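Structure record follows, encoded as C-alpha cells.
Just so it is clear, none of the values below were taken in a lab; they were calculated from the coordinates. Because the structure is a prediction, the values reported are computed rather than measured. Glycine gets a Cβ as well: all are built from the backbone with ideal geometry, and neighbour counts include every protein chain shown.
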Amino acid sequence: MSTSVCIAMTGASGVQYGLRLLQVLLAAKVETSVLISKAAHVVIATETPYKLAAQPQKLQQQLLAYFTPDADLYAPYLTVYGREDWFAPVASGSGAPESLVICPCSGGTLSAIATGASNNLIERAADVALKERRQLILVPREAPYHQVHLEHMLKLTQMGALILPASPGFYHQPQCIEDLIDFIVARILDHLGLQQDLMPKWGA
C-alpha cells in the first residue's frame, strides 16, 4: 500500500482525472505531493472552472480550498512543488515518494521519460522512480497513438512502469461524466494498493 504518492499533471487533455485523484487521496489522508506543468496549467484553465496560481505556496492553498472540506485539517497531507524546484524530495532517490502517478501524461512527457530526459522536475521525478525501482504509473490520454507513442509505452513497460490509459469502461453503466472519471481513478487507486469505494470490484 502506498503511503506517499506524488501526482504530476502534464499538458494532455483529461486533467479531471488528476484532480479527482488528488481529491480522493487527500480525503484518505495520504501524504500527497503535486507537480503541475506549465502546459497543464493551460489545460486546467481550459477544461475546468479552476484558475490555478503558478506560485507553489498559493497553488497549494487553492488546491486545499477546492478539494478538501477543511484546508487547515488537510494541509499536512499536501505539498506542492515548483517546476524547477530541484531541491524537492521527488528529485532524489533518498527522498522520493513510494509512488509517482503522472495523470494525465502527455506524449511529450512520455517521450522524455522513455529517453531519460530530466529537463523539468516532473521528468526528473519519473527518472528517479525508474532508477530506484519505485512505482511509476503513467496515464496517457491521446487518440490515436502513433508508432513512437507505442514504442515508448513498450519501452517504459519493460523498464517497470505501468501504462494505464485513460480509457474508461462502460460495464458499470455510467450515468454522468464523473462516473467515467471515477472509473479510471479507481483503477489507479487499486494499483496504489489503496482502499476505494468509487467502483465495485468485478463480480462483487
Can you check what the net charge comes to around THR68, using other residues whose Cβ is under 15 Å from the Cβ of THR68 (Lys, Arg +1; Asp, Glu -1)? -1
Total charge of the residues flanking ASP182 in space, meaning their Cβ is under 13 Å from its Cβ, with Lys and Arg +1 and Asp and Glu -1, is -2
Describe numerically, in nm with one decimal, the distance between label points set 7 Å from Cα along Cα→Cβ at HIS191 and at GLU84. 3.2
Tell me, what is the FRET efficiency for ALA45 and THR157 to the nearest 0.05, using R0 = 30 angstrom and their Cβ-Cβ distance as r? 0.40
Please identify every one of the GluC sites (Glu not before Pro) in the stretch 105-144 that sits in a loop by DSSP and has no more than 14 other beta carbons within 10 Å of its own beta carbon. GLU132
What ranking of ILE113, ILE181, ILE163 emerges when the number of other C-beta atoms within 10 Å of each C-beta is taken as an exposure proxy, fewest first? ILE163, ILE181, ILE113
If each of GLN147 and TYR171 carries a label point 7 Å out from its Cα toward its Cβ, how far apart are those two points in nm? 3.5
Give me the percent relative contact order of the chain, please, defined on Cα pairs under 8 angstrom at least 6 residues apart. 23
Have a look at THR32, THR109, THR46 and tell me which one the Gaussian network model of the chain (Cα, springs below 10 Å) gives the largest fluctuation. THR46
Output for the stretch 56-132: chymotrypsin sites (Phe, Trp or Tyr not before Pro) sitting in coil per DSSP, at most 11 other Cβ within 10 Å, listed by number, reads PHE87
